[in-house]
Amino acid sequence: MKTLILFYSTYGHVYKLAEAIAEGAREVEGNEVVIKRVPETLPQEVLDKTGATGAQKAFEHIPVANPDELVEYDNIVFGTPTRYGNLCGQMQAFMDSTGGLWAKGALVGKVGSAFVSTATQHGGQETTLRAFHTELLHHGFVIVGLPYAWQGQMGHEEVTGGTPYGASTVAGGQGERQPSANELEGARYQGRHTSEIAKKLAVK
């Protein structure tokens, strides 16, 4: 079985969640786990002005995915920052390039899941995850979220991401907040959970 963690990250928050999801996925026996990123679409001068260039050096070693390779995986977990309650432009551009796969039904029956990052607690985490689910349903993915069996999303003692639709983190207005231990644990749970379901579906 093969699992792909595919993400876009501006300042590293989504990347850290991606690493945690990969950790959880690797706990499932026989699961080959790959982390890749989608292509950048912003001009270099914009990345320089926003400070993203320096932050992205932390994961520049991660290979860039090609849409055609999605067919190679049984389980794909997508990660994106939120932009106005929706996918970021880079991830949307990647998804828009999968039309050929959609036309062939090449991704039907695969397990799909998503995770996000927002600047604020109410910055569109759930709307972004639901929007991503809609795109995955058009491709025929079997959608998997982050069930309440993971008790970390039940508490209110601290500011934390984590929704029944997928793992998430709150980055802060200037990106100053890093994913918390609870948020990373939710991501690990999601990685393990999606992989377990994909493994069950793969049994003939």
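Read-outs: derived from the displayed coordinates by stated rules, not from any lab. Keep in mind it's a predicted model, so treat the numbers as computed, not measured. Neighbour counts run over all protein chains shown; Cβ positions are idealised from the backbone, glycine included.
So here's what we get for this one:
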| quantity | calculated |
| --- | --- |
| Per-residue HN-Hα couplings for the stretch 120-127 [Karplus 6.51, -1.76, 1.60; θ = phi - 60°; Hz; x = Gly/Pro] | 10, 4, 10, x, x, 4, 6, 5 |
| Label corresponding to Cα extents along the principal axes in Å when calculated from the structure given, among [x] 44, 41, 27; [y] 51, 40, 36; [z] 49, 41, 28 | [z] |
| DSSP loop chymotrypsin sites (Phe, Trp or Tyr not before Pro) with at most 13 other Cβ within 10 Å excluded, longest remaining stretch of the chain | 1-83 |
| Local electrostatic count, V64, Cβ distance below 14 Å [Lys/Arg +1, Asp/Glu -1] | -2 |
| Segment E23-K200, length gained on full extension (0.36 nm per residue, minus Cα span) | 61.8 nm |
| Selection of GluC sites (Glu not before Pro), the stretch 153-204, meeting DSSP coil and at most 14 other Cβ within 10 Å | E157, E158, E176 |
| Electrostatic dipole magnitude of the chain [Cβ: Lys, Arg +1; Asp, Glu -1; Cα centre; debye, to 20] | 360 |
| Long-range HN-HN contacts of G166 with modeled amide H, under 5 Å | L146 |
| Karplus-derived HN-Hα couplings along the stretch 132-146 (A = 6.51, B = -1.76, C = 1.60, θ = phi - 60°), whole Hz, x at Gly and Pro | 5, 4, 4, 5, 5, 5, 4, 7, x, 5, 8, 7, 10, x, 10 |
| Fraction of beta bridges assigned by DSSP in the chain that are antiparallel (%, nearest 5) | 10 |
| C-alpha center-to-center spacing [the stretch 117-196, the stretch 40-70] in angstrom | 22 |
| Kirkwood Rh (inverse of mean 1/r, distinct Cα pairs), the stretch 65-164, angstrom | 14.4 |
